[in-house]
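As structure tokens, the structure follows; a few thoughts come after it.
The values are calculated or read from the model by the stated rules, or taken from the named source; none is laboratory data. No experiment lies behind these values; they were computed from the predicted model shown. Methodologically, a virtual Cβ is constructed for each residue, glycine included, from the backbone with ideal geometry; neighbour enumeration extends over all protein chains shown. In case anyone asks, the SASA skips ligands and DNA or RNA and just uses the protein heavy atoms, side chains included. Shrake-Rupley method; radii C 1.70, N 1.55, O 1.52, S 1.80 Å.
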Amino acid sequence: MKFLIDLHTHTNTTPHAYSSLEENIRAGKKKGIKIIANTMHGPYLQDSPHWWAIANQRTLPDYIDGIRILKGVEANVININGDLDINDKIIEICDIVIGGFHSIPEYGDTGDINKNTRAIINVIQNNNVDILVHLGNPGFPVDYERVVIAAKKHNVAIEINNGSLTASREGSKLNCERIMELCFKYKPYISLGSDAHFSTLIGELTEAIKLIGDYDKELILNTSENKLKEFFHLRGKKI
């Protein structure tokens with residue numbers, strides 16, 4: 001199956017990414033990509049833009065050079081209550097909110113599995129995040145079974161992050177394999193994301209596709225625009 005939707009990408013509005021939105025669009029178009037989620041890093045990450053930059057995505061057109069652009073943010077979990085580093089204005093403006101753990105001072109101890117599990121389940125229950133990202137990161141251990149069950153219950157998607165299976169977050173692969181085992185058991189929605197920080201990686205989902213195997217395509221957000229719309233309808237949103 002070919003997936004022409006990438007739900008996790010970055011531009012050089014965050015300095016540790018290296019391509020502009022226009023460069024990402026050009027690269028995606030060459031690959032036949034139909035939808036790109038522009039998921040700007042939340043403001044608590046050390047080199048992220050001010051929240052105004054994230055909110056000002058409202059000025060972007062929905063389509064650029066024939067590609068649907070979803071205005072988005074990758075929010076940071078900042079405490080055990082599952083609070084995020086974004087305000088209601090950003091949530092209102094963004095088509096898509098993805099979220100997860102990054103090493104930020106505000107969160108504190110990252111190695112406490114009980115704290116991390118409670119935090120991410122609270123994120124799910126707070127209902128502001130559509131997709132949980134790179135859960136396989138060994139730097140933030142969680143009880144994967146509890147998280148997958150909660151995600152299924154609340155129609156929050158689990159991301160299979162291609163970057164975690166290639167160059168980022170070393171040691172994630174075994175955890176990602178365990179997450180997929182639990183996804184096959186409990187059947188939550190899943191999302192594939194390149195986590196591209198450079199334009200040539202837009203739509204690069206090869207390792208994620210290998211990992212998901214024959215997972216039910218009706219539960220994979222990247223299969224079609226209609227499937228994506230159905231998912232957001234379940235979440236009370238419209239794209």
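Here are the numbers:
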{"quantity": "Matching entry among I54, I98, I90 (being among the aliphatic types (A, V, I, L, M), out of contact with any helix residue (DSSP H, G or I) (no Cβ under 9 Å at 6 or more places or on another chain) and under 28 Å from T117 (Cβ atoms))", "calculated": "I98"}
{"quantity": "Those helices (runs of 4 or more DSSP H) lying entirely in region 98-203 with at least 2 residues of a type in the set (F, W, Y) and open to solvent by 10 Å² or more (accessible area, probe 1.4 Å)", "calculated": "173-186"}
{"quantity": "Number of positions in region 204-229 that are part of a loop (DSSP other than H, G, I, E, B) and open to solvent by 40 Å² or more (accessible area, probe 1.4 Å)", "calculated": "5"}
